[in-house]
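The values are calculated or read from the model by the stated rules, or taken from the named source; none is laboratory data. All figures in this text were calculated on a predicted structure; none of them were measured in a lab. Neighbour counts are summed over all protein chains in view; Cβ atoms, including those assigned to glycine, are modelled from backbone coordinates with ideal geometry. Accessible surface is based on the protein model in full, side chains and every heavy atom, while ligands, DNA and RNA are left aside. Shrake-Rupley method; radii C 1.70, N 1.55, O 1.52, S 1.80 Å.
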Amino acid sequence: MAKIIGGVATTHVPSIGQAIAENKQKDPYWQPFFRGFDFVHDWLARERPDAAVVFYNDHGLNFFLDKLPTFAVGAAEAYRNEDEGWGIPVSRSIAGDPALSWHLINALVADEFDITMCQDMLIDHAVTIPMALMWPGQNWQGIKIVPISINTVQHPLPSMARCFKLGRSIGRAIETYEQDLRVMIVGTGGLSHQLDGKRAGFINKEFDQLCLDKITNEPEILTKYSVHELVAEAGAQGVEFLNWMAMRGALPGRVSQVHRNYHIPISNTAAATIVLENHPEPRLKAA
Ligand code: DHB
Ligand code: FE
């Protein structure tokens, strides 16, 4: 049976791609952010995931304002990136796992999530930057992904509670998947940032710390925030925290936070990285 090993959540700021292309990981500006990945690399080497379910938000590469699904699940053999205009190199493709995708899609629809299923899906920086951070040199050949896009772009957005439940459904589905896969969950984006409008440059350290503290063992406190409260506290683009909530929802066991890095700013964003481990609860044997 498949096993959920844990989750990683990280910022996906595009200029990270430029820093990687120019080998600036040790520059004083970038070092406090990149050194947060040393732990992640050790953790991945130890935990050896076979597959990653990646909750992210598309920023207009695959979906645009004309057609924008609330939740979209990839079911492709491979996922390509294209030039989004950020001035960063186009990423190498990432392998998909259609069998796992269809298992998750079937479970989500059975759980009354009316998702969009995508047998062809471009992935943007919100997938490629976290992947490049976790596997330097785009050395992710051993990993297959199931990308799940959550609308954080055009209101109305799904609620924190809804994204958490989406994760719950994914977590339950992975635990009933018959292949012996080690599955990790990824949530990308955040933390607080606002890229435009009157509050451009807005960052809220206090709220970010609350999110980083509560997501591990008291996520239900965070599910009480409405989307409008989330915009007010985290900024118009800080709503990407919805992807983190879905990631947390997909960890069904006893969860511990084994790593946290928080640094202000990277570009316009309060940059954060966490690793959560998922320890399966011992099940009572049938009498
Ligand atoms: C930035 C952050 C994002 O989440 C994004 O998608 C694009 C840009 C930034 O801070 O520059
Ligand atoms: Fe973003």
Could you list, in sequence order, all residues of segment 195-232 that are away from ligand 1 (no atom under 16 Å from the Cβ), in a helix (DSSP H, G or I), of a type in the set (D, E, K, R) and closer than 21 Å to residue 260 by Cα?
206, 213, 214, 220
Could you tell me whether any residue of segment 29-46 is within 16 Å of ligand 2 (Cβ to nearest atom), over 22 Å from residue 156 (Cα atoms) and either in contact with a Pro (Cβ under 9 Å, 6 or more places away or on another chain) or open to solvent by less than 10 Å² (accessible area, probe 1.4 Å) (or both)?
yes
If I ask for residues that are out of contact with any helix residue (DSSP H, G or I) (no Cβ under 9 Å at 6 or more places or on another chain) and closer than 23 Å to residue 15 by Cα, which ones from segment 138-152 would you list?
139
Right, residue 236: touching a Lys or Arg at 6+ places or on another chain (Cβ under 8 Å), small (Gly, Ala, Ser) and not in a helix (DSSP H, G or I) or not?
yes
Matching residues, segment 114-127, being open to solvent by 10 Å² or more (accessible area, probe 1.4 Å) and assigned to a loop (DSSP other than H, G, I, E, B)
114, 115, 119, 120, 122
The condition of being in a helix (DSSP H, G or I) and farther than 30 Å from residue 19 by Cβ holds, among 166, 133, only for 166
Please state which of the following conditions residue 246 fails to meet, knowing it meets all the rest: (1) free of Cβ contacts under 8 Å to residues at least 12 places away in the same chain; (2) closer than 20 Å to residue 275 by Cα; (3) of a type in the set (A, V, I, L, M, F, W, C).
(1)
Given the structure, is residue 42 charged (D, E, K, R), at pLDDT 95 or above and farther than 23 Å from residue 275 by Cα?
no
Test each condition in (1) of a type in the set (Phe, Trp, Tyr); (2) within 16 Å of ligand 2 (Cβ to nearest atom); (3) touching a Ser or Thr at 6+ places or on another chain (Cβ under 8 Å) for residue 71 and report the one that comes out false.
(2)
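Quick grid of which residues meet (1) open to solvent by 40 Å² or more (accessible area, probe 1.4 Å); (2) closer than 18 Å to residue 138 by Cα:
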{"residue": "56", "(1), (2)": "no, no"}
{"residue": "61", "(1), (2)": "no, no"}
{"residue": "68", "(1), (2)": "yes, no"}
{"residue": "73", "(1), (2)": "no, no"}
{"residue": "81", "(1), (2)": "no, yes"}
{"residue": "85", "(1), (2)": "yes, no"}
{"residue": "88", "(1), (2)": "no, yes"}
{"residue": "107", "(1), (2)": "no, no"}
{"residue": "111", "(1), (2)": "yes, no"}
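Yes/no matrix, rows are residues, columns are (1) surrounded by fewer than 16 Cβ atoms within 10 Å (Cβ to Cβ); (2) within 27 Å of residue 157 (Cα to Cα):
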position: 236; (1), (2): no, yes
position: 240; (1), (2): no, yes
position: 245; (1), (2): no, yes
position: 250; (1), (2): no, yes
position: 259; (1), (2): no, no
position: 266; (1), (2): no, yes
position: 269; (1), (2): no, yes
position: 274; (1), (2): no, yes
position: 279; (1), (2): yes, no
